[in-house]
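Notes to accompany the following structure.
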Amino acid sequence: MTDPVLSIRNLSKAFGALVVTDDLSLDIMPGECHAIIGPNGAGKTTLIGQLSGELTPDGGHVLFKGADITDTAAHERPHLGLARSFQITNVLPGFSVLENVALAVQIHRGGNSRMIGRAAVETELNEAAMEALIRVGLAERAGTIASTLAHGEKRALELAMALALAPSVLLLDEPMAGTGHEETARMVALLKDLAGERTLVLVEHDMQAVFALADRITVLVGGRAIATDTPDAIRANADVRAAYLGEDAA
Amino acid sequence: MAEAAAPAATDRLGPRIVVPAIIFSVLIAFPVMADLANASWLMTLATRMMIFAIAVVSLDLILGYGAMVSFGHAAFVGIGAYAVGILASHGMNDAALSFPVAIVAAALFAAVTGAICLRTRGVYFIMITLAFGQMAFFTATSLSAYGGDDGLTLWTRNTLFGTGLFADRLIFYYVVLAVLLAAYLICRSIVGSRFGRVLRGCKENERRMIAMGADPFRFRLVAYVIAGMIAGVSGALLANHAEFVSPAYMTWQRSGEFIIMAVLGGIGTLHGAILGAAAFLALEEILSHWTIHWRMIFGPLLILIVYFAPGGLSALLRSIGRND
Ligand SMILES: Nc1ncnc2c1ncn2[C@@H]1O[C@H](COP(=O)(O)OP(=O)(O)OP(=O)(O)O)[C@@H](O)[C@H]1O
Ligand SMILES: [Mg+2]
């Protein structure tokens with residue numbers, strides 16, 4: 001049996017009296033697309049935050065490629081191959097679309113202490129950035145200032161920036177949040193493409209997208225995983241239907 | 001003028017090069033013009049402006065590109081000045097020694113205080129840089145061996161490898177100008193470089209930069225130390241210019257003036273720092289000749305300028321350039 005690439009062991013986190021991660025254990029296998037679903041406030045974003053190192057868990061461990069990264073700083077994790085995207089678009093608003101992504105490429109590749117030479121005209125960085133932009137369908141907007149993008153375009157940029165870090169495990173927090181039908185369809189196609197090449201942890205409310213993409217699904221309710229299984233089994237699971245899917249269908 | 005269209009890089013590059021080129025051309029030609037106008041006393045003022053401009057350019061590096069509102073920048077200037085003064089009082093009078101010492105002393109102070117200040121954000125950062133600035137100030141006033149409150153008179157300007165170059169007013173003017181140009185070019189190079197892009201990114205969105213794998217603290221600290229070193233050079237020049245060193249060089253008021261100069265010229269432009277320092281000292285000079293109550297006019301005037309020209313003098317120049 002292969003070892004999990006990302007292993008969550010007895011993770012717990014509370015904000016005051018509110019328990020948002022409740023003794024959660026979960027293994028993410030290499031190459032899988034693992035969806036995490038659950039109602040609003042279930043603790044999905046908080047979990048991504050702890051995996052990316054932005055939030056410190058109260059207890060438990062996170063193992064990445066076999067090593068304990070629970071105490072690894074957030075800014076070190078992308079260099080190990082673990083990167084995230086944000087539910088609420090979180091780009092560099094004053095930078096151009098291209099520079100947002102080129103900066104991600106630069107940080108990933110290193111040489112960040114170089115103080116000579118204009119970074120903006122470095123073709124190797126810009127070419128790699130363009131590749132990511134082409135991939136998410138944003139190439140024509142490369143010169144646009146990020147803050148002026150439409151919502152759907154910002155979502156695409158959000159993903160391009162995470163992609164530019166070339167992570168082996170990509171944590172995606174609701175990549176389709178607030179996008180239109182067409183954009184969602186394009187995003188699903190793109191994620192399907194990505195799923196073939198790297199491990200994805202996908203937090204998503206769009207059930208159609210989740211069932212189209214996921215190899216396995218974990219249902220999170222109140223910070224606990226009430227089920228982890230294949231999409232078909234999850235669809236058939238009575239607890240899940242009661243706790244989550246039922247509400248969603250109504 | 002199409003506002004909605006993306007302002008292409010070329011559109012912005014124009015004024016970026018033209019305005020600094022004009023500024024430095026004027027500074028190069030200034031001694032000749034002052035001579036022709038029979039106003040060679042202006043040379044002293046212009047030299048002082050450039051010395052201040054060096055400090056403000058360095059402040060703009062961290063303020064305009066790193067969002068670090070340092071309220072203790074005068075401390076670096078003071079440390080640079082005291083390095084020259086203290087060495088001179090022990091008979092070590094060559095710039096080849098005192099300038100490197102000034103730079104290293106300012107760098108050490110910046111590294112130690114920066115490592116602490118940069119753990120904080122926003123108002124706390126401002127307050128802590130202010131506190132360290134005041135510490136440097138009170139330390140200077142307590143140096144009784146070096147004049148304490150009264151400061152320290154230099155009996156002569158620094159020699160440079162044994163030559164008396166600094167003593168010549170015209171040569172010293174051009175030495176200061178060369179340092180200003182070097183400071184400007186160094187900072188210009190930094191902000192456009194890979195390092196500078198990370199620094200600017202941290203100003204834009206710190207959280208995202210961390211998620212992409214950059215540690216903002218490291219980049220900010222390096223920028224802070226570089227800014228401190230440049231300000232230290234400005235202090236070493238100031239000591240030579242005034243032939244005097246005093247705790248007054250590092251008061252919090254002086255730090256505040258540096259911020260005002262940066263804002264007045266337009267932060268995040270570098271050349272704006274030069275305009276800001278020049279405008280500030282020129283206004284101070286004119287108003288103080290006119291009335292002893294000049295500060296009552298100076299304050300409101302600064303507020304009006306900043307209010308009606310947000311983005312400072314450099315933005316004003318840019319909009320004039322665009323309307324043509
Ligand atoms: N910094 C915080 N301080 C206090 N409470 C918080 C904080 N962040 C999140 N919470 C609370 O923790 C709970 C879980 O939040 P979280 O954002 O992880 O939910 P989620 O599953 O991502 O929800 P959604 O589907 O709406 O995105 C919510 O009740 C939220 O209000
Ligand atoms: Mg969420």
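The values are calculated or read from the model by the stated rules, or taken from the named source; none is laboratory data. Computed from a predicted model, the values in this text were never measured in an experiment. Using ideal geometry, Cβ is built from the backbone for each residue, glycine included, and neighbour counts are taken over all protein chains shown.
If A:Leu24 satisfies every condition in (1) within 16 Å of A:Ile217 (Cα to Cα); (2) in contact with a His (Cβ under 8 Å, 6 or more places away or on another chain); (3) not β-branched (Val, Ile, Thr) but one, which is the exception?
(2)
Inspect the stretch A:112-119 for any residue being facing another protein chain (nearest Cβ under 10 Å) and in contact with a His (Cβ under 9 Å, 6 or more places away or on another chain) and give the result as yes or no.
Taking the stretch A:112-119 as the starting set, the residues that turn out to be facing another protein chain (nearest Cβ under 10 Å) are A:112-119.
Subset that is in contact with a His (Cβ under 9 Å, 6 or more places away or on another chain): none.
Checked the stretch A:112-119: no residue is facing another protein chain (nearest Cβ under 10 Å) and in contact with a His (Cβ under 9 Å, 6 or more places away or on another chain).
Please work out if B:Val32 is more than 14 Å from chain A (Cβ to nearest Cβ) and at pLDDT 95 or above.
Numbers: more than 14 Å from chain A (Cβ to nearest Cβ): yes; at pLDDT 95 or above: no.
Against the criterion (more than 14 Å from chain A (Cβ to nearest Cβ) and at pLDDT 95 or above), B:Val32 does not qualify.
Name every residue in the stretch A:144-155 that is farther than 14 Å from A:Ala104 by Cβ, away from ligand 1 (no atom under 16 Å from the Cβ), part of a helix (DSSP H, G or I) and touching a residue at least 12 places away in the same chain (Cβ under 8 Å), in order of residue number.
If we filter the stretch A:144-155 for residues that are farther than 14 Å from A:Ala104 by Cβ, which is where we start, we get A:144-145, A:147-155.
Okay, now just the ones that are also away from ligand 1 (no atom under 16 Å from the Cβ), so A:144-145, A:147-154.
So of that shortlist, the ones also part of a helix (DSSP H, G or I) come out as A:147-148, A:151-154.
Within the stretch A:144-155, A:Ser147, A:His151, A:Gly152, A:Glu153, A:Lys154 meet the criteria.
Criterion first (more than 14 Å from chain B (Cβ to nearest Cβ) and away from ligand 2 (no atom under 16 Å from the Cβ)) does A:Pro4 satisfy it?
Here the answer is yes, as A:Pro4 does meet what is asked.
Run down B:Ala278, B:Ala309, B:Ala282 and say which single residue is in contact with a helix residue (DSSP H, G or I) (Cβ under 9 Å, 6 or more places away or on another chain) and surrounded by 17 or more Cβ atoms within 10 Å (Cβ to Cβ).
Working: B:Ala309 fails: surrounded by 17 or more Cβ atoms within 10 Å (Cβ to Cβ); B:Ala282 fails: surrounded by 17 or more Cβ atoms within 10 Å (Cβ to Cβ).
Only one candidate passes the filter, namely B:Ala278.
On the basis of being out of contact with any Gly (no Cβ under 7 Å at 6 or more places or on another chain) and either within 14 Å of chain A (Cβ to nearest Cβ) or at pLDDT below 95 (or both), does B:Gly228 make the cut? Outline the logic, then answer.
Values: out of contact with any Gly (no Cβ under 7 Å at 6 or more places or on another chain): yes; either within 14 Å of chain A (Cβ to nearest Cβ) or at pLDDT below 95 (or both): no.
So B:Gly228 fails the test.
Being over 23 Å from B:Ala273 (Cβ atoms) and either of a type in the set (Val, Ile, Thr) or in a loop (DSSP other than H, G, I, E, B) (or both) is the filter here; which residues of the stretch B:58-94 pass it?
Of everything in the stretch B:58-94, those that are over 23 Å from B:Ala273 (Cβ atoms) and either of a type in the set (Val, Ile, Thr) or in a loop (DSSP other than H, G, I, E, B) (or both) turn out to be B:Ile86, B:His90, B:Gly91, B:Met92, B:Asn93.
Which residue out of B:Ile54, B:Ile128, B:Ile103, B:Ile79 is aliphatic (A, V, I, L, M) and more than 18 Å from the chain's Cα centre (by Cα)?
Numbers: B:Ile54 fails: more than 18 Å from the chain's Cα centre (by Cα); B:Ile103 fails: more than 18 Å from the chain's Cα centre (by Cα); B:Ile79 fails: more than 18 Å from the chain's Cα centre (by Cα).
After ruling out the rest, the residue left standing is B:Ile128.
Given (1) of a type in the set (D, E, K, R); (2) under 18 Å from A:Thr179 (Cβ atoms); (3) facing chain B (nearest Cβ under 9 Å), identify the lone condition not met by A:Glu158.
(3)
So is B:Thr139 more than 14 Å from chain A (Cβ to nearest Cβ) and in contact (Cβ under 8 Å) with a residue 60 or more places away in the chain or not? Let's see the steps before the verdict.
Details: more than 14 Å from chain A (Cβ to nearest Cβ): yes; in contact (Cβ under 8 Å) with a residue 60 or more places away in the chain: no.
For B:Thr139, the condition - more than 14 Å from chain A (Cβ to nearest Cβ) and in contact (Cβ under 8 Å) with a residue 60 or more places away in the chain - is not met.
Check the stretch A:73-83 and report whether any residue there is within 10 Å of another protein chain (Cβ to nearest Cβ), closer than 16 Å to A:Val169 by Cβ, acidic (Asp, Glu) and without any contact (Cβ under 8 Å) to a residue 60 or more places away in the chain.
Checked the stretch A:73-83: at least one residue is within 10 Å of another protein chain (Cβ to nearest Cβ), closer than 16 Å to A:Val169 by Cβ, acidic (Asp, Glu) and without any contact (Cβ under 8 Å) to a residue 60 or more places away in the chain.
Would you check if there is a residue in the stretch A:35-55 being in contact with a Leu (Cβ under 8 Å, 6 or more places away or on another chain), within 14 Å of chain B (Cβ to nearest Cβ), touching a residue at least 40 places away in the same chain (Cβ under 8 Å) and more than 10 Å from ligand 1 (Cβ to nearest atom)? Let's see the steps before the verdict.
Within the stretch A:35-55, the first condition is being in contact with a Leu (Cβ under 8 Å, 6 or more places away or on another chain), and the residues that meet it are A:35-38, A:42-44, A:46-52.
Pick out the ones that are also within 14 Å of chain B (Cβ to nearest Cβ) and you get A:48-52.
Next, from what is left, pick out any that are touching a residue at least 40 places away in the same chain (Cβ under 8 Å): A:48, A:51-52.
Checking the rest, the ones that are also more than 10 Å from ligand 1 (Cβ to nearest atom) come to A:51-52.
Within the stretch A:35-55, one or more residues are in contact with a Leu (Cβ under 8 Å, 6 or more places away or on another chain), within 14 Å of chain B (Cβ to nearest Cβ), touching a residue at least 40 places away in the same chain (Cβ under 8 Å) and more than 10 Å from ligand 1 (Cβ to nearest atom).
List the helices (runs of 4 or more DSSP H) inside the stretch B:188-289, counting only whole elements, that have at least 2 residues being touching a His at 6+ places or on another chain (Cβ under 9 Å) and not β-branched (Val, Ile, Thr).
Values: elements: B:194-204, B:206-212, B:216-242, B:252-265.
By residue number, B:206-212, B:216-242, B:252-265.
Taking only the stretch B:198-220 into account, find how many residues are more than 16 Å from A:Ala74 (Cα to Cα), surrounded by fewer than 23 Cβ atoms within 10 Å (Cβ to Cβ) and facing chain A (nearest Cβ under 7 Å).
1
Could you tell me which of the residues A:Val201, A:Val219 is under 29 Å from A:Leu80 (Cα atoms), over 15 Å from the mean Cα position of the chain (by Cα) and within 16 Å of ligand 2 (Cβ to nearest atom)? Spell out the reasoning first.
Details: A:Val201 fails: over 15 Å from the mean Cα position of the chain (by Cα).
That would be A:Val219, the only listed residue that is under 29 Å from A:Leu80 (Cα atoms), over 15 Å from the mean Cα position of the chain (by Cα) and within 16 Å of ligand 2 (Cβ to nearest atom).
Scan the stretch A:131-143 and give yes if some residue there is within 14 Å of chain B (Cβ to nearest Cβ), in a loop (DSSP other than H, G, I, E, B) and on the phi > 0 side of the Ramachandran plot, otherwise no.
no
Take A:Asp215 and tell me if it is charged (D, E, K, R) and crowded, with 18+ Cβ neighbours inside 10 Å. So that I can check it myself, show each step before the final result.
Working: charged (D, E, K, R): yes; crowded, with 18+ Cβ neighbours inside 10 Å: no.
In short, no.
Scan the stretch B:176-195 for residues that are of a type outside the set (Val, Ile, Thr) and more than 7 Å from chain A (Cβ to nearest Cβ) and report the count. Steps first, answer last, please.
Within the stretch B:176-195, the first condition is being of a type outside the set (Val, Ile, Thr), and the residues that meet it are B:177-178, B:180-185, B:187-189, B:192-195.
From what is left, the residues that are more than 7 Å from chain A (Cβ to nearest Cβ) are B:177-178, B:180-185, B:187-188.
The qualifying residues number 10.
Could you say which residue among A:Gly66, A:Gly41 is surrounded by fewer than 19 Cβ atoms within 10 Å (Cβ to Cβ) and within 16 Å of ligand 2 (Cβ to nearest atom)? First the steps, then the outcome.
Working: A:Gly66 fails: within 16 Å of ligand 2 (Cβ to nearest atom).
One residue alone meets the criteria, A:Gly41.
Any residue at all in the stretch B:101-114 that's within 14 Å of chain A (Cβ to nearest Cβ), without any contact (Cβ under 8 Å) to a residue 24 or more places away in the chain, within 30 Å of B:Cys202 (Cβ to Cβ) and surrounded by fewer than 18 Cβ atoms within 10 Å (Cβ to Cβ)? Before you say what the answer is, go through the steps one by one.
The first filter runs over the stretch B:101-114 and keeps only residues within 14 Å of chain A (Cβ to nearest Cβ), leaving none.
No; the residues of the stretch B:101-114 include none that is within 14 Å of chain A (Cβ to nearest Cβ), without any contact (Cβ under 8 Å) to a residue 24 or more places away in the chain, within 30 Å of B:Cys202 (Cβ to Cβ) and surrounded by fewer than 18 Cβ atoms within 10 Å (Cβ to Cβ).
Within the stretch A:106-126, identify whether any single residue is more than 16 Å from ligand 1 (Cβ to nearest atom), farther than 26 Å from B:Ile186 by Cα and surrounded by fewer than 19 Cβ atoms within 10 Å (Cβ to Cβ), and answer yes or no.
From the stretch A:106-126, those more than 16 Å from ligand 1 (Cβ to nearest atom) are A:106-126; that's our starting set.
Adding the requirement that they be farther than 26 Å from B:Ile186 by Cα leaves none.
Checked the stretch A:106-126: no residue is more than 16 Å from ligand 1 (Cβ to nearest atom), farther than 26 Å from B:Ile186 by Cα and surrounded by fewer than 19 Cβ atoms within 10 Å (Cβ to Cβ).
Go through (1) more than 16 Å from ligand 1 (Cβ to nearest atom); (2) buried (at least 22 other Cβ atoms within 10 Å of the Cβ); (3) of a type in the set (Phe, Trp, Tyr) one by one and return the number of the condition A:Phe86 breaks.
(1) is the only condition that A:Phe86 fails.
In the same structural domain as A:Gly223 (by TED's automatic domain parsing) and either farther than 27 Å from A:Val105 by Cβ or within 16 Å of ligand 1 (Cβ to nearest atom) (or both), is that true of A:Gly31? Working first, answer last.
Values: in the same structural domain as A:Gly223 (by TED's automatic domain parsing): yes; either farther than 27 Å from A:Val105 by Cβ or within 16 Å of ligand 1 (Cβ to nearest atom) (or both): no.
No, not satisfied.
Can you tell which of A:Ala185, A:Ala160, A:Ala164 is more than 23 Å from A:Gly49 (Cα to Cα) and of a type in the set (A, V, I, L, M, F, W, C)?
Details: A:Ala160 fails: more than 23 Å from A:Gly49 (Cα to Cα); A:Ala164 fails: more than 23 Å from A:Gly49 (Cα to Cα).
Sole residue among the options that is more than 23 Å from A:Gly49 (Cα to Cα) and of a type in the set (A, V, I, L, M, F, W, C): A:Ala185.
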